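What follows is calculated from the coordinates using simple rules that are stated; it is not laboratory data. Remember, it's a predicted structure, so these values are computed and weren't measured experimentally. Here Cβ is always computed from backbone atoms with ideal geometry, including for glycine, and neighbour counts include all displayed protein chains.
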Amino acid sequence: MSFNAIIVGMPRSGTSMTAAIFARAGYFIAEDQKGQLRQGDEFNPTGYWEAEPLIHANAEIFQAAGFPYDNTWLYEPITSHSATRINELERSSVHKQFVSDFDQHYPWLWKDPRLCYTLGYWWPLLDRDKTRVLLLKRDPKQIYNSFLRLKWRSMSARDRKDTLQRVKDHMKAAEFAVQKFEIPHIVVNYSDFANNANETAQRINEFFGLNLQSQDLGFDRRANNSNLRGKLSIFLDRIADHMPDKLRKFIKRLIPARLLNLIFPFKTS
């Protein structure tokens, strides 16, 4: 028996890579995958696997709890009051219907970093016997490096401290939800995909009723911004940001294409 899967984790912790595993296994994600799913790019080459309707519903929950932004990592941090209130909100009829619509496509997949805070809101609406959670963790310093790569943060001590704290707060909220509601879940560390692929595939198989091999996990070391290549790409990006456009283009023409592809393997321009 397969189970519905909810991927919960901080942005840039490997949630897209993990969601892709279930997408390749045939899980339902959206009615219109081309129109409702963000396509892949240099930062997530295999796609993001986030359904726009789910993102919109989670943003509605934030607003109902008094948090005015549509995400919890790019703007002001969510207050402890709003985070607590999310679990106390009355579940709306619209969201009940939203869950019912997904249940027509069992097994389904939800992936959205906002679920770190909204999982406790959704859980009472879900079929507990058919739904399980994969809680994904990654070294906060690696997440910060990835934020740098996306230019979501600067190299300042303040931004580094803020990012590390947000990672801690997101994971604390997710862990609180799985404990409070006794949600069936497994914890997977991002590093497990690289260092313990066979064991990780087996754990996911046993928990979600799949039949994965280690190669089905889809881990690509080139996409890891915390290795030497990733750190070099961040450094070069920062230098390029401060160059005049003409100088940047001139220097780019001097660098062999093979070297550029090695440093920026998924960059298209």
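Stretching the chain fully between ARG158 and ASN198 yields a gain of 10.5 nm (0.36 nm per residue, less the alpha carbon separation). Over all other residues within a Cβ to Cβ distance under 11 Å of ALA59, the charged ones net out to -3, with Lys and Arg as +1 and Asp and Glu as -1.
Proximity of backbone amide H atoms, modeled 1.01 Å from N, is registered between THR131 and ASN4 at under 5 Å, excluding neighbours fewer than 5 places apart on the same chain. Once the chain from ASN205 to LYS180 is taken as fully extended at 0.36 nm per residue, the excess over their C-alpha distance is 6.5 nm.
As a length-normalised measure over Cα pairs under 8 Å and 6 or more apart, the relative contact order of the range 4-220 settles at 28 percent. Residues SER191, SER154, arranged from fewest to most other Cβ atoms within 10 angstrom of their Cβ, appear as SER154, SER191. Say the cut-off is 22 Å between C-alpha atoms; which of LYS137/LYS172; LYS141/LYS172; LYS130/LYS172; LYS130/LYS168; LYS34/LYS137 go over it? Pairs exceeding 22 Å: LYS130/LYS172; LYS130/LYS168; LYS34/LYS137. Computed on the Cα atoms alone, the convex hull of the range 4-220 gives a volume of 116 cubic angstrom per residue.
Derived value for the range 1-50: Kirkwood hydrodynamic radius 11.5 Å. Basis is the mean of 1/r over every pair of different alpha-carbon atoms. Residues HIS170, HIS81, ranked from the fewest to the most other C-beta atoms within 10 Å, line up as HIS81, HIS170.
Counted residue by residue at 0.36 nm each, then reduced by the alpha carbon distance between them, the extension gain from GLU88 to ASP127 reaches 12.1 nm.
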